[in-house]
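Nothing in this text is a laboratory measurement; each read-out follows from the coordinates by a stated rule. Values in this document were obtained by computation on a predicted structure and should not be read as measured data. Every residue, glycine as well, gets a Cβ built from its backbone with ideal geometry; the counts of neighbours run over all protein chains shown.
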Amino acid sequence: MKNLITKLLVAALMLLIITSSIANNIQVTNVMVTGQRTTEGYTLVMFDLSWEHSWRTNDLNGDGETNWDAAWVFAKYRISAANGGDDLWKHVSLHNTGHNGGTGTGAIIDAGLVTPGSPFHAATNPALGVFIYRQANGTGTFSLSEAQLRWNYQADTVADNAVVDVRVFAIEMVYVAEGNFWVGTPDDEMDVFTVANDVTAPYTPFLITSTPPMLQENDTASSPNNLSMSFGLPDNLTGSDTLPLADGFPTGYAGFYCQKYKIAQQQYVDFLNTLTQIQANKRKHTYGTARYAISGSTVGSYTTTNPYVACNYLSWMDGAAYADWAGLRPMTELEYEKACRGPRTPISGEYAMGTWAKFVFYIVNPGEIDESIPPGSNSNIVCENKIGGPMRVGVFATDSSTRSLAGASYWGIMELSGSLREHAVSVGIVAGHSFTGLHGNGYLNVAGDADVDYWPGINHNQAYYLPNEPYGGVNGVTQAAGAGLKGGSWYKQTNWQTVSRRYEVINPPVHRTDVWGFRCVRSLP
C-alpha cells in the first residue's frame, strides 16, 4: 500500500506573551507525517515547536509552589474533494503514549484524553492533544526539533493510502497546582463569596478544600434553591448546607491548566477557517468596533489586521465552541479566583496582578507583534479608556517587570483583570450547578455550537449584538443559562476588575459585545 501522505503543511496558531516588546511567538513549523505503521494503524506527525520566555520553577513567588508554562498541541486533518474526501477539517485522535520530544529543550509530554482518568481507548477515549513543557527548572526560549505525536489514523477511519492535509496548533497554557485556596474578600466588592451568615463587611473569605463546598442563599426571603442573587447580596459557602454542586464540578481545588492569554484574533480566525460555512456563519461576529478587525465571508478567507490583539465580541456560545473545537473546556468562577490569587489570603481591593493599577492612554506600533505602551511607562492594564479597545495579549510584560507591572496573576496567567471580561460557569445561578467539567471532543454540532453535556448554553439560543439592536440583546434572549462574567475590561472602571467581584457572574448581560473575550482551561491529564 502507499504511505499516508501529508499534502499540505500548515503552521500553527498562537503567538503571545511579551517581554521587551517581543511576543512569546509560539510557533509550529516543518510539519510532516512520517513513520507510518499500517499493521498498527498509526503514523507520526512531526514538527518543530518553540516559544519565548518559557519557565519552570519549584519556588513560585517564594512560596515553594511548583509551576510551569506549557503548550497545548493538537492537530486537525482534512481529505480534500480532489483526493476523494469530504473537504471537512476533523480532529486528529492521538495515542496516550508513543510521543517523542525530539531534540532541544528537555521536555515532558502528557496526553490529554477526552475523559481524563478513564482508560485510554483509541476510538472512544483518545488523546485530543498533548501538553508539552520543560522537564527541568529553567527560563528562556523553549525549543524542540522533530517532535513527534502518534496519530492513530485508522481509529479516525482514514485509509492507509489517503492523501491528507494536516494542521498543527499550539496554545500557551499555565499549570495551576492542586491545593486549598480562598474565595471572597474582607471587603464588599459586590456579591462576594463569604461564609454562612456573614452579610456585612468585613466579610469572611471561604477556604476551598478537597471537600466540595455547599451553597447557601443569604436572602432568607428567597427560596433556598434560588442562587440567582439580587443586587448587592453575597452567596454563602458552607460545609453543612443542602444545595450541592454536581459531582465533578471543578471547584478549583484540583490542579488544572489555564490559557496564558485570552483568545487572540488570529487564534479565532484559524478556528473559523477550519469550520463548515454554516458553523462559521454562526460563530463569526458580523460587525465590530473597539479594535475588532476580523473580516472575510467564506471559510478559508477569514483574516484579521489585529492578529495579536485579544478577540472581543465573543459570546459564551462563541467561546464554548472554540473550547470544544480545541479539546478544552470553560472555567468556573471558583477556578477564576484561584487562577488570580493562587493559595494566598485575599486582601481588599485585589486585582489578579495584585493591588497596583493605572490607566493606559496610548500605545505604540498598534496592531503589530511589538505593540506596546510608550517606552519608560509603567502603566498597567486596568482601564484602557483612551485606547478604545483591548490591547495585544501580554502587552504589559517585559524582561524586568514585576508581577503587578506585567499584569500577571500569581501563577503567571496574563490579564485576568482588565482587557476583556472573562466568561465563567456561575455557581450563583442554579443552571450552572450541573456543570461536570467534561472536555470538548474537537467537534461542534452541525449548527456550529458546542455540544458537550452539562455545559451552559447547550440547546440554548444565542443573542447577538448588532448595530441596530438595543444594548440588552435580541428580544431579551439570554446567552447561556448558568454562564456569567468575571474580571473587567478596557471600558469599565477599576472596581469592576477586582478578583472577588461577582455581580455579573450572577446577573449576566445578554449580548455579544466589544468587552467580552474568552479563555479556556483543561483538567490535568
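Amide H to amide H, which residues 5 or more places from Gln36 or on other chains are under 5 Å from it, using H placed in the peptide plane?
Leu44
If r is the Cβ-Cβ distance from Arg344 to Ser434 and R0 is 30 Å, what FRET efficiency results, to the nearest 0.05? The partial results should precede the final answer.
Values: r = 31 Å, r/R0 = 1.02.
Once the sixth-power term is evaluated, E becomes 0.45.
So the label point goes 7 Å from the Cα of Ser145 along Cα→C-beta, right? Which residues of region 80-108 then have their backbone N under 15 Å from it?
From region 80-108, the list is 101-106.
A 28 angstrom limit on the alpha carbon distance is what I want to check against. Which of Lys90/Lys486; Lys76/Lys262; Lys282/Lys338; Lys284/Lys338; Lys76/Lys282; Lys76/Lys486 exceed it?
Values: Lys90/Lys486 32 Å; Lys76/Lys262 22 Å; Lys282/Lys338 33 Å; Lys284/Lys338 31 Å; Lys76/Lys282 20 Å; Lys76/Lys486 31 Å.
Listed pairs above 28 Å: Lys90/Lys486; Lys282/Lys338; Lys284/Lys338; Lys76/Lys486.
Between Leu207 and Asp453, what's the calculated FRET efficiency when r is the beta-carbon distance and R0 is 25 Å? Round to 0.05. Kindly include the intermediate steps, with their values, before the conclusion.
Numbers: r = 30 Å, r/R0 = 1.21.
FRET efficiency, Leu207 to Asp453: 0.25.
Which far-off residues, 5 or more places away or on another chain, put their amide H under 5 Å from the one on Trp55, with H placed in the peptide plane?
Asp69
Quick one: 3J(HN,Hα) in Hz for region 166-182, Karplus 6.51/-1.76/1.60 with θ = phi - 60°, rounded, Gly and Pro as x.
Listing the rounded values in order: 10, 10, 10, 10, 9, 10, 6, 10, 10, 7, 10, 6, 5, x, 5, 7, 9 Hz.
Give me the number: length gained by fully extending Asn365 to Asp160, i.e. 0.36 nm times residue separation minus the C-alpha to C-alpha distance, one decimal in nm.
Values: separation 205, 0.36 × 205 = 73.80 nm, distance 4.86 nm.
Gain in length upon complete extension: 68.9 nm.
Grab the beta carbon distance between Ser301 and Ala81, set R0 = 22 Å, and tell me the FRET efficiency rounded to 0.05. The partial results should precede the final answer.
Working: r = 18 Å, r/R0 = 0.81.
That pair, Ser301 with Ala81, gives E of 0.80.
Mean 1/r over all different Cα pairs, inverted: what Kirkwood radius does region 5-173 give, in Å?
Working: mean 1/r = 0.0599 Å⁻¹.
Every distinct Cα pair counted, the radius reaches 16.7 Å.
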